[in-house]
Amino acid sequence: MNKENTNKLTFSKNKIFKYIQLNFAKKNNITRLICFVIGSIIVLIPSLICNFMVRHGTWEASTPVYNTGIAFSMLENKPTIVYVLQSLICLIVLIAILFTTKWYYSILLSLAFVGGMFNIVDRATQILNGQFEAIPNSVIDYLKTGSTTSNFPDVFILTGIIGFCFVYLMIYVVELIRSNKSTKKPSDSSINNEKDHSSTS
């Protein structure tokens, strides 16, 4: 390895190390923790209350159904694939939370992560004490929306992911518009040069 390649490698390592230091600074860690707690509260309160009502037979808004699949009942009766897929998605979202420094991204991703973990735990601990018979490796769906039935964790998963994509896209578009305006706007120096040229002529 020649000296030039060695310098490039050293520069890359220093850049990565500096990024990690800045990303995991104390202020960013505290912000992430606060946003994660807020997201957890938002997800857990309605999810736990509704699950409790369904488990004890006091839910009357709609008839609960037990879903052994994911995403509109896909992969039904394939618990191993469902567990692996849900766990992998939650892991990816968790990594995204750890590497974001924006509070609004942290809250939205936390909604998706906690909602996904809630469904995993609910699927693994499906033991009912009420009038409904438990189905192993299933989640309780109780929110009737048209022809589909979902639950609050599902709502928060979709809210987090769609919200994250929407905010990211909006920020990207706004920054793109600003950059285009800044490139089209003539600089002060060019304006002054044009004035000086016109006055001398």
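The values are calculated or read from the model by the stated rules, or taken from the named source; none is laboratory data. Quick caveat: nothing in here was measured; it's all calculated off a predicted structure. Heavy atoms of the whole protein, side chains included, go into the accessibility calculation; ligands, DNA and RNA do not. Shrake-Rupley method; radii C 1.70, N 1.55, O 1.52, S 1.80 Å.
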Quick check on the range 41-133: take the gyration tensor over C-alpha atoms, sort the square-rooted eigenvalues as a ≥ b ≥ c, and tell me if it's rounded (a/c under 1.5), prolate or oblate. oblate
Between residue 124 and residue 80, what length comes free when the chain is fully extended (0.36 nm per residue of separation minus the Cα-Cα distance, one decimal in nm)? 14.7 nm
Keeping the other protein chains in place, figure out the carbon and sulfur percent of the accessible area of the range 29-76, with a 1.4 Å probe. 76
Would you kindly calculate the mean projected area, averaged across all directions, of the convex hull enclosing the Cα atoms of the range 77-130, in square nanometres? 4.6
So how much slack lies between residue 179 and residue 53, counting 0.36 nm per residue of separation and subtracting their Cα-Cα distance, in nm? 40.1 nm
